[in-house]
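The values are calculated or read from the model by the stated rules, or taken from the named source; none is laboratory data. In this text, all values refer to a predicted model and were calculated from it rather than measured experimentally. Here the Cβ positions follow ideal geometry from the backbone for every residue, glycine too, while neighbour counts run over all protein chains shown. With ligands, DNA and RNA removed, areas are computed over all heavy atoms of the protein, side chains included. Shrake-Rupley method; radii C 1.70, N 1.55, O 1.52, S 1.80 Å.
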Amino acid sequence: MKKIGIALLLILLPLACSAQFIGVGAQYADAKSRGNDFQFAASLSFPTWHKKNPMNTFISSGIDYTGGSSPVAGLNIKPIQINSFLSESLFNNNPYTILVGCDAGYLFNFKNGKDGVVITPNIYLDYKFFFVKAGYDFNVTGNEQQFFVRAGLSFGMGSFKSYAKTEIW
């Protein structure tokens, strides 16, 4: 297992260097009496497909790491993240960014839960260098689930929008 983790890290490191969204903060998720409900959270994602479309949707890939005691914590490799910014006018006319999305990936749970395929519907909000993300993790193969709220510092769309006129056209 350790060799697989090192190999994945080496494969994903070049992708991390070109990440468009980087976030570090804390996560609240019910640990179900297994430990602390507040956990460290880090994430990065990079766009893989973004063309103008009527649904205002883009696809990205990324990884999340949450260290802690909740049932769905660990390294989550997400090859597909489908997000929508809802409307061009909402995105273009406001200093904050709202995204509604659904992530799918594979979780390597190092402590309290089971490894497995995880699906995460979520809502993401950022303003300048701050973000809040709320969602629900479903570990489909491990039969575990949790509601979570993450907050912290980010470098993403909100950062770009605060320094340059960023519009979707």
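Quick notes on this structure:
- Output for the range 63-83, where each listed residue is on the phi < 0 side of the Ramachandran plot, open to solvent by less than 40 Å² (accessible area, probe 1.4 Å), assigned to a strand (DSSP E or B) and not aliphatic (A, V, I, L, M): D64, T66, G67, N76, K78, Q81, N83
- With respect to (1) open to solvent by 70 Å² or more (accessible area, probe 1.4 Å); (2) in a strand (DSSP E or B); (3) small (G, A, S), the lone exception for S33 is condition (2).
- When the range 120-147 is filtered for residues that are in a strand (DSSP E or B) and among the hydrophobic types (A, V, I, L, M, F, W, C), the ones remaining, listed by number, are I123, L125, F130, F131, V132, A134, F138, F147.
- Screening T97 with (1) at pLDDT 90 or above; (2) of a type in the set (S, T, Y); (3) buried (at least 17 other Cβ atoms within 10 Å of the Cβ) gives one miss only, at (1).
- Residues in the range 37-56 that are open to solvent by 100 Å² or more (accessible area, probe 1.4 Å) and in a strand (DSSP E or B): F38, F40, W49.
- In the range 106-119, residue surrounded by the most Cβ atoms within 10 Å (Cβ to Cβ) [restricted to those that are free of Cβ contacts under 8 Å to residues at least 40 places away in the same chain and either small (G, A, S) or in a strand (DSSP E or B) (or both)]: L107
- Here S89 clears all of (1) in contact (Cβ under 8 Å) with a residue 24 or more places away in the chain; (2) open to solvent by 10 Å² or more (accessible area, probe 1.4 Å) except the condition numbered (1).
- For the range 118-138, filtering for residues that are touching a strand residue (DSSP E or B) at 6+ places or on another chain (Cβ under 6 Å) and either over 16 Å from Q81 (Cα atoms) or among the hydrophobic types (A, V, I, L, M, F, W, C) (or both) leaves 11.
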